Amino acid sequence: VDLLREFHGPNAAYILELYEKYLADPNSVDAETRAGFARWTPPMDGPSPPQAPAAVAADVG
């Protein structure tokens, strides 16, 4: 199960926060969540922030 495909926006942030909590102390989350995280590995690059549009070079002369 890809948790980040099921959750997005604030929900994805919550899942990642919960995962960090799990990594620090697995007993800090409930048994069902612990079992899910035991089978899940988040993407290494994480979600990409929106990119600004490329600047157009002006002809200065």
Margin query: With 10 angstrom as the radius, rank 39, 34 by how many other C-beta atoms surround their C-beta, starting from the fewest.
Written below: 39, 34
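Using 0.36 nm per residue of separation minus the Cα-Cα distance, give me the extension gain between residue 33 and residue 21 in nm, one decimal. Display every interim value, and only then the final one.
Working: separation 12, 0.36 × 12 = 4.32 nm, distance 1.11 nm.
Using 0.36 nm per residue and subtracting the Cα-Cα distance, I get 3.2 nm.
Every number in this text was worked out from the coordinates using simple rules, so none of it is lab data. Please read all numbers here as calculations on a predicted model, not as lab measurements. Note that we place each Cβ from the backbone using ideal geometry, even for glycine, and neighbour counts take in every protein chain shown.
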